[in-house]
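What follows is a single structure, written as structure tokens, with notes after it.
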Amino acid sequence: MKIGIFGGTFSPPHLGHIRAAEAFANEMELDKLIIIPTFIPHKKDMSGVAPALERLHMCSLSFEGRIYEISDMEIARGDSYTAITLDELKKIYHDGELYILFGTDMFLTLGNWVRAGDIFGMCTVVCASRENDPDSEMKIMEKIGIYREQFGARIRHISLKPTEISSSDIRDRIKLGEDISGMVTPSVRDYIKTNGLYK
């Protein structure tokens, strides 16, 4: 069984996240894709970010489909250490193959993360980058070589069509009273409006 892991702040989850999840699932031929909202991402400014349970619920609204599962494991645990999350998933899916998705920025720093060697040892790391970005591609290929040599890493690389959507831009638009249709699913748009998030 091939299990995918897609973690993030998801504040809010938007159509770019959904497209990345779909590409990840299709390229890796996943049997299940676990969406994991972070509790408090390390080294990230959380000002203006919705509470964890609100983000968890919005993920449930966003990711619909037979292979998606929404997990509160990091929220319930109270930390967002990737190695610990993988420890837990290894116990649950001990006969499965784990794949974890990272965007370019996170992938390029992954070698400095807590228990980086364990992360590479427990799963196949999948780097998602933007199409037609030569500078980024060069950095990624350099890091792939380093990670393989240093950690014996199993790495896959997928390219995504560029999207102009970002969670911070959505939050800014909401503060200004602007429409966010076409950036998030209708269910998430309505949930944000009903609950007065990001005002």
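Candidates 18, 5, 36: the one that is without any contact (Cβ under 8 Å) to a residue 60 or more places away in the chain and among the β-branched types (Val, Ile, Thr) is 36.
For segment 68-104, taking the residues that are among the hydrophobic types (A, V, I, L, M, F, W, C) and not in a helix (DSSP H, G or I), the one that is farthest from residue 115 (Cα to Cα) is identified as 70. I need the full set of residues from segment 113-146 which are acidic (Asp, Glu), at pLDDT below 95, assigned to a helix (DSSP H, G or I) and surrounded by fewer than 14 Cβ atoms within 10 Å (Cβ to Cβ), in order please. The answer is 135, and nothing else. Close Cβ contacts (under 9 Å, 6 or more residues apart or on different chains) running from residues in segment 146-158 that are under 22 Å from residue 131 (Cα atoms) to residues that are crowded, with 16+ Cβ neighbours inside 10 Å and polar (S, T, N, Q) comprise 154/124; 155/124; 156/124; 157/129; 158/129.
Looking at segment 155-195, which of its residues are outside any helix (DSSP H, G or I) and of a type in the set (Lys, Arg)? Correct list: 156, 161. For segment 91-108, give me each residue that is surrounded by fewer than 16 Cβ atoms within 10 Å (Cβ to Cβ) and within 15 Å of the chain's Cα centre (by Cα). Residues satisfying the conditions are 103, 105.
Whether any residue in segment 49-59 is under 26 Å from residue 159 (Cβ atoms) and either modelled with pLDDT of 95 or more or assigned to a helix (DSSP H, G or I) (or both) is what I want to check. Yes; the residues of segment 49-59 include at least one that is under 26 Å from residue 159 (Cβ atoms) and either modelled with pLDDT of 95 or more or assigned to a helix (DSSP H, G or I) (or both).
The values are calculated or read from the model by the stated rules, or taken from the named source; none is laboratory data. This is a predicted model, so every value here is computed, not measured. Here Cβ is always computed from backbone atoms with ideal geometry, including for glycine, and neighbour counts include all displayed protein chains.
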